[in-house]
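Engineer: One structure, as structure tokens, below. Some questions next.
The values are calculated or read from the model by the stated rules, or taken from the named source; none is laboratory data. Predicted, not measured: the structure shown is a model, and the values here were computed from it. A quick note on method: Cβ atoms are made from the backbone with ideal geometry, for glycine too, and the neighbour counts reach across all protein chains shown.
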Amino acid sequence: MLRPTLALALAVACSFLGCGPAKKESAATLATMAPSYATLAESALALLANEIGPFNAPPTPGALGTQACVDTQCAENRHAKKTDACVTHAGLIDGPVFMRAEGVPELSGCATRHGPFHFAAWPPSHGSLLLALGDESLLDEAVPSTAPSRTYDVSRVGHRMARHWGRAAAGFNGTPALAVSFDFWVHHVIKPDPDTEHFRIFALEPLTMTMRSPWDSDPRVFDGAFSLYDRSREATADVRVANVLYRKTKCCHPVAGTLTLSTSSGATYRLDFTDVCGVATLRDELGRPSELKLPGCSY
């Protein structure tokens with residue numbers, strides 16, 4: 001099951017960072033920001049589906065491994081590029097992504113070319129898998145509101161760089177339904193303007209990520225709810241996820257399911273994913289549809 005300390009750490013961090021319910025937002029705020037909020041919310045699920053999910057998938061080129069492999073791998077490298085992958089004392093690193101398995105009896109050895117972790121049986125009976133974006137210390141520490149020296153960077157259309165940092169945990173319980181908690185910050189740098197935007201996307205109560213096998217070709221299906229905090233506008237949106245399905249070998253974005261955005265003002269928008277990769281339908285409060293194109297795949 002998920003480590004109790006993770007939920008506690010997120011709750012404590014939340015109390016210091018002021019990520020609780022913010023001012024009441026107007027319907028106009030959500031109307032203006034709905035496409036951005038929907039895209040950001042989906043990006044958090046995509047990180048989980050495409051980074052923490054594919055245990056037995058061919059990884060980013062490089063040698064991955066678990067604790068048993070540290071002595072024979074590049075354990076001292078702390079500055080690997082995105083295309084590199086090295087083992088550290090904490091588990092494995094794939095560019096700016098660090099992972100560690102804890103208390104999983106079915107974890108049966110070092111990585112192979114088929115993926116970062118190998119399990120003797122699926123689903124594992126208990127234990128958890130931890131993930132940190134940007135800085136290895138986030139495997140054990142609360143997520144700061146300011147960016148660490150190293151972040152998970154994704155280029156966006158319009159000269160916008162999205163810098164990510166944070167942590168996640170997937171808890172095993174003997175069923176295909178993994179309990180997933182996460183706490184991510186996203187910093188948008190808009191060039192050439194000096195403007196920046198800061199968002200926090202977090203789930204203090206675990207979502208469910210259903211994985212019937214660890215193979216990359218099998219779906220990852222998300223259900224549950226999380227929150228999106230827009231620090232620049234002091235706005236918070238609640239996000240509800242229903243049957244959002246990823247299949248990485250086909251698309252890095254969902255190919256089915258619904259994501260609903262709502263605020264304390266009562267405004268609600270809905271994003272319906274389609275089987276056309278990167279294309280979704282955004283519906284406003286009156287149900288009027290508009291096409292939303294998601295960012296190009298980088299996972």
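Engineer: When V244 is evaluated against the numbered criteria (1) touching a helix residue (DSSP H, G or I) at 6+ places or on another chain (Cβ under 7 Å); (2) at pLDDT below 90, which criterion, by number, is the only one it fails?
Structural biologist: Checking V244 against (1) touching a helix residue (DSSP H, G or I) at 6+ places or on another chain (Cβ under 7 Å); (2) at pLDDT below 90, the one that fails is (2).
Engineer: With the structure loaded, tell me whether A242 is farther than 22 Å from A101 by Cα and within 17 Å of the chain's Cα centre (by Cα) or whether it fails that test.
Structural biologist: So A242 passes the test.
Engineer: Touching a residue at least 40 places away in the same chain (Cβ under 8 Å), touching a helix residue (DSSP H, G or I) at 6+ places or on another chain (Cβ under 6 Å) and surrounded by 18 or more Cβ atoms within 10 Å (Cβ to Cβ), is that true of T236?
Structural biologist: So T236 does not fit the description; no.
Engineer: Just to be sure before I move on: is S264 closer than 27 Å to L138 by Cβ, touching a residue at least 60 places away in the same chain (Cβ under 8 Å) and either touching a His at 6+ places or on another chain (Cβ under 9 Å) or of a type in the set (G, A, S) (or both) in the structure I sent? Break it down into steps so the answer makes sense when it comes.
Structural biologist: Numbers: closer than 27 Å to L138 by Cβ: no; touching a residue at least 60 places away in the same chain (Cβ under 8 Å): yes; either touching a His at 6+ places or on another chain (Cβ under 9 Å) or of a type in the set (G, A, S) (or both): yes.
It is false that S264 is closer than 27 Å to L138 by Cβ, touching a residue at least 60 places away in the same chain (Cβ under 8 Å) and either touching a His at 6+ places or on another chain (Cβ under 9 Å) or of a type in the set (G, A, S) (or both).
Engineer: Against the condition at pLDDT below 95, touching a His at 6+ places or on another chain (Cβ under 6 Å) and in a strand (DSSP E or B), how does V255 come out, does it pass?
Structural biologist: When the stated conditions are applied, V255 does not pass them.
Engineer: Find the residue count for the range 200-228, including only residues that are buried (at least 20 other Cβ atoms within 10 Å of the Cβ), more than 13 Å from the chain's Cα centre (by Cα) and modelled with pLDDT of 95 or more.
Structural biologist: 1
Engineer: Follow-up question, since we're still on this one. Being hydroxyl-bearing (S, T, Y), surrounded by 17 or more Cβ atoms within 10 Å (Cβ to Cβ) and in a strand (DSSP E or B) is the filter here, so list the residues in the range 263-299 that pass it.
Structural biologist: Passing the criteria: T268, Y269.
Engineer: Hand me the list of strands (runs of 3 or more DSSP E) wholly inside the range 62-181 holding 3 or more residues that are modelled with pLDDT under 65.
Structural biologist: Where strands (runs of 3 or more DSSP E) fall fully within the range 62-181 and carry at least 3 residues being modelled with pLDDT under 65, they are 85-88, 91-94.
Engineer: Then there's this: In this structure, is D195 modelled with pLDDT of 90 or more and over 26 Å from F172 (Cβ atoms)?
Structural biologist: Criteria not met by D195.
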